[in-house]
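Comments concern the structure below.
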Amino acid sequence: MGIIYLMLTVSLVIALFFLISFFWATKNGQFDDDYTPSVRILFEDELNQKSNNQTDGSSEV
Amino acid sequence: MNVLSCYHCGDEVIGKGYYIEEKAFCCNGCKTVYQLLKDNNLGAFYSLEANAGVKPNVSSIHKFAFLEVESIRDKFIDFEDDQTARTTLFLPQIHCSSCIYLLENLTKIETNILSCQVNFTKREATIIFKKEGFTLSQLAVLLDKIGYAPNFGNRSETEKKFDKTYLYKLGVAGFAFGSIMLWSFPEYLGLGTDNPEFRNFTSYLSFAISIPVVLYSANDYFISAYKALRFKSLNLDVPITIGIIALYLQSSYSIFAGNGPGYMDSFAGFIFFLLIGKWFQNKTYKTLSFERDYTSYFPVAVTRITEKNEEITEIENLKINDKILVRNEEVIPCDSILISDSAKIDYSFVTGESIPINKYKGDFIYAGGKLIGQRIELKVEKESSRSHLTQLWNDVKTDKKNPTSFLYQDKLSAYFLTIILLIALGSGIAWSFIDPTRITQIIVSILIVACPCALALSAPFTFGNVMRLLGRKGLYLKNTRVIERINTITDIVFDKTGTLTKGSSHHVEYIGDELNHDQLEALYSLSNSSTHPLSRSIVQFLRAQNISSNEEITDFDEVSGKGISGTINSLNIKIGSPSFCEQNSIDKNETSSFILINNSTKGRFVFTSELREGISELMTSLNHYDLHVLSGDKDKDKSILESIFPENSKLFFEQTPKNKLEYIENLKKNGKHVLMIGDGLNDAGALGISDVGIAVSEDVFRFTPSSDAIIEANKLASLAYLLSISNFSKTVLKVCLLFSISYNIVGLSFAISGNLTPLVAAILMPISSITVVLLSTLFVRLKK
């Protein structure tokens, strides 16, 4: 029976861990903007590939 | 004719345009931005979204000079150390993914910028820049140059914190809900009594975890219910609070009496679901938040002329009789009198009217207009915070929306509460005959199960979804209450200029001597060299007559706000205002451009505004409302309006803003519910006191202080459809209501018969909430 108390405690600790992570994420602004990052991830990082980049960016897809 | 659109901003290229390689641009500004992006390897801007650019304004160095003043600059710097500074700027022009791309790559354009991060939802950019050799005002000028003029208004800080509180509360409730439910499993399986020691342990643990839920997560409901009761009214939060308290006390009693965890899981679940509803509502507001402090549109600082020198000062410091200097493209900060000889003021972002208004020495000038042309001196007549327009708005705000207009839910909750109390009373009496010891338990479980959680969720989700749908279709509402008010509308009042008629495109008529082909071609060439709205209209007018030309112009001159002149094939031509062409204006109310060819007057172009497309169809589809028109103009368009409006409509002309306001007040006194459609500031008073005030705007990010909604100008024709969507929400609500009431009846039957076990509560409660949320979402999705 003792094991169930241990498991209860562990479950509570895990839940608390997630709660605190959630607080931390909220405080750090993870939920402030749910649109921009989804767009940002699709941008090419041109700085690193400047050499093989054509001068007119409009023709690249 | 094939219409060429600007590679940068997508506007129609009128006339020759500007070219780089094969790409056409409508103005030099757009071309410059393209060049800048191309030079900095940011060409991908154009591949993300076609014609994504924003047409840049003619920027002047003076425009952001106030940022050089230390005290003003510091207000906009979030953080700074020895080398760098961080600022968060509101850039209202952000509108697509290309904007994000461009702004986040600012570092490539200006090496002094270290990083730039865009928050699309808030239209803000957080920029870190090197302090050495770069200033905030230079940053502002750069942003302005590429089309993203920062808006230095007073930002409200409260908004941000508010948002996060909901998330914290939601987190706490979710944590408690999950944990308690896990521990309650033995109860659900009927194993609760097998091990009393373990049961006690989990019960006390549940109780401990529920404390933050009741004290922190749920406190909004308690506060709201308390406020309602204190003002002797009822809102939906009252029955909810009663349910919550009954649930909590019953469960706590059960725990301390050693009878297991009671309904603690349902309690935490209740709060969790309720908060999801609130969070959803809040999120809807955030994405559609267009309401900004009116001060955000007035400039932060102005140049004041003192006896010794010119100084930049904050607007709040301006005193009556101060002399101020306003430059080209600057906003008139306060009501004042013109000291300089003449001025042209563009009230377009106030009224939607794109033709600048002439003012002469000694004229009174209202705040809010933008100066076009030479710099002027003004004498301050009213301090800015007491400005004519803001005053009108502030007056309105105090008695905004009669307090008797209850939310539908609040009305319902009164009935709801009475019925529940009657049922509780009846069951109590009945049980006193059956088993008097169980009376308290029965009454408490009735109060618990009747808690209108599903009902509370139905409104935010239905209205929230409808609001989003409307937003996608071009009607942006300030909040969900507007939907309820739209649904009661009996009368629609239209403004004319900028609402029924287009703000920028004009109908042109030529009055005067017959012009020969050469002269027309010369006129075309000359007008084509100017980007002024009237010149553009003239070009379109001539083009419609198959005139086009690309003749060389010599001695070209454009006097900003007055007219243009030049010589083409030995024809010396002047087009412009009466004073520019040395004429007496014929009719002060007429907008016209005179034509002088070789110093002899030929005639004039008269501009009249055109009705928007689809207006006459709109009027037919709105015929179940009483329609009114209040126009500030003379009645020259009366016959056109009479032909499109239903017979019993009332048309009034030459109405001042004050007349409009009184007219609507009168309608309201007669028990009508008025929807007013007009332009932002000019009709601010009238919009404010109407039950629903909708501002028509070419640009939805425009300033509209007292309106309840903004409609995109080109979507006005679909107004009837938009109103029908809004009305549809009533049906959806009724269906949701039906469902939540049937769940309540099922729950009540359990409660009255004394069978409301924690398991039944734990199943009923989430199911009813989820059904309502799904129903309201699904219905609105299907309606399209």
Quick check: pseudo-label points 7 Å beyond the Cα along Cα→Cβ at residue B:216 and residue A:32, how many nm apart are they? 2.2 nm
Coordinate range along principal axes, alpha carbons of the stretch A:1-41, Å, largest first: 52, 18, 9
Beyond 19 Å between alpha-carbons counts as too far, so tell me which of B:361/B:602; B:63/B:319; B:319/B:344; B:31/B:145; B:370/B:478; B:308/B:344 fall in that bin. B:361/B:602; B:63/B:319; B:319/B:344; B:370/B:478; B:308/B:344
Packing-based exposure ordering (other Cβ within 10 Å, fewest first) of B:359, B:278: B:278, B:359
Would you be so kind as to identify which of B:47, B:65, B:115 lies farthest towards the positive end of the dipole of the stretch B:21-143, taking Lys and Arg as +1 and Asp and Glu as -1 on Cβ and the Cα centre as origin? B:47
What is the calculated FRET efficiency for residue B:516 to residue B:652, with r their C-beta to C-beta distance and R₀ = 35 Å, to the nearest 0.05? 0.20
Ranked by Cβ crowding within 10 angstrom, fewest neighbours first, how are B:708, B:39, B:679 ordered? B:39, B:708, B:679
Given the peptides B:78-86, B:233-241, B:200-208, arrange them by the average over their residues of other C-beta atoms within 10 Å, most packed first. B:233-241, B:200-208, B:78-86
Could you order the peptides B:426-434, B:87-95 from most to least packed, using the average number of other C-beta atoms within 10 Å per residue? B:87-95, B:426-434
Taking 0.36 nm per residue of separation and subtracting the Cα-Cα distance, what length does fully extending residue B:188 through residue B:714 add? 183.6 nm
Under 23 Å between C-alpha atoms is the cut-off here; go through the stretch B:157-287 and count lysine pairs that meet it, provided they're at least eight residues apart or on different chains. 18
Over the alpha carbons of the stretch B:157-287, what is the largest minus smallest coordinate on each principal axis, giving the biggest first in Å? 52, 33, 20
Where does each of B:187, B:381, B:22 land when they are ranked from fewest to most other beta-carbon atoms within 10 angstrom? B:22, B:381, B:187
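Where a number appears in this text, it was derived from the coordinates with a stated rule and is not lab data. All figures in this text were calculated on a predicted structure; none of them were measured in a lab. Ideal geometry is used to build each Cβ from the backbone, glycine not excepted, and the neighbour counts take in all protein chains shown.
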